[in-house]
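Right, one structure below, let's go through it.
The values are calculated or read from the model by the stated rules, or taken from the named source; none is laboratory data. This structure is a prediction, so every number in the text was calculated from the model and none was measured. Glycine gets a Cβ as well: all are built from the backbone with ideal geometry, and neighbour counts include every protein chain shown.
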Amino acid sequence: MVQMLARPGFDVTRHAVSSLQNGEFGWVQSVTFIFSGILSILCAWGVRRYLHGSRGGTWGPLLVGTFGIGMILAGFCAPDPAFGFPAGTPDGAPEAMSMSGGLHSLGFFGAFMALIAGCFVLSRHFGRATPRWRRSCLVVGTTTPLLIVLCSWHCSVSRDIGHLLLLGRDDLIHVALERRLAAQDGSSTGFRSAAVSPASCMQPRAITTSHLLSVIRADS
């Protein structure tokens with residue numbers, strides 16, 4: 001949480017938490033992932049001793065340990081910089097994934113798949129004898145994939161909305177500038193050219209607010 005608030009340029013609506021592994025102080029996030037993985041492996045060892053010889057006593061601890069291994073792999077392999085973080089990174093996804101980025105994605109994918117499967121395996125172990133633990137396992141196993149999908153969708157929608165807002169801003173500036181120029185020379189062609197068609201909205205605008213302000217100053 002401190003990393004999210006302290007790192008300049010990081011936006012939780014656009015960047016994955018793993019992005020904090022890049023740039024200055026990225027090692028802090030990497031150590032966090034590695035330490036979490038080590039704790040998960042120790043937890044798997046304890047669960048193995050507790051569940052030995054009972055239902056889920058083999059696969060439950062194995063899946064918990066796999067989660068820990070995946071977190072350690074993700075901690076040692078940083079993802080590729082993307083979407084403007086750290087500062088100076090191009091805004092957008094990288095054109096090609098590096099070896100480190102691929103291993104990072106593999107580690108996280110394997111970790112959370114193991115976590116989800118492990119929750120359902122352990123829920124069978126608890127069964128009716130301990131319904132509270134069974135419900136807890138089912139809730140975590142069910143909500144984890146939903147949260148992953150929701151977070152991915154939210155980040156994607158946030159980026160799309162931001163692009164649309166920027167596009168709309170540039171189109172409004174384009175219209176205002178052409179109308180101002182038309183008013184200066186007294187022609188009516190500027191008003192006709194100011195109409196923005198759907199096809200033209202897809203073209204990038206080179207006009208910025210500074211252009212519009214320069215015209216207004218010259219007119220005044």
Test for Ser136: is it at pLDDT 85 or above, surrounded by 12 or more Cβ atoms within 10 Å (Cβ to Cβ), touching a Lys or Arg at 6+ places or on another chain (Cβ under 7 Å) and of a type in the set (S, T, N, Q): no
One residue from Gly56, Gly26, Gly37, Gly60 being surrounded by 15 or more Cβ atoms within 10 Å (Cβ to Cβ), at pLDDT 95 or above, touching a helix residue (DSSP H, G or I) at 6+ places or on another chain (Cβ under 7 Å) and not aromatic (Phe, Trp, Tyr): Gly37
Wholly enclosed helices (runs of 4 or more DSSP H) of segment 1-113 bearing at least 2 residues within 16 Å of the chain's Cα centre (by Cα) and closer than 25 Å to Leu150 by Cβ: 2-6
Residue count for segment 10-44, restricted to those that are over 15 Å from Ala87 (Cα atoms) and of a type in the set (Asp, Glu): 0
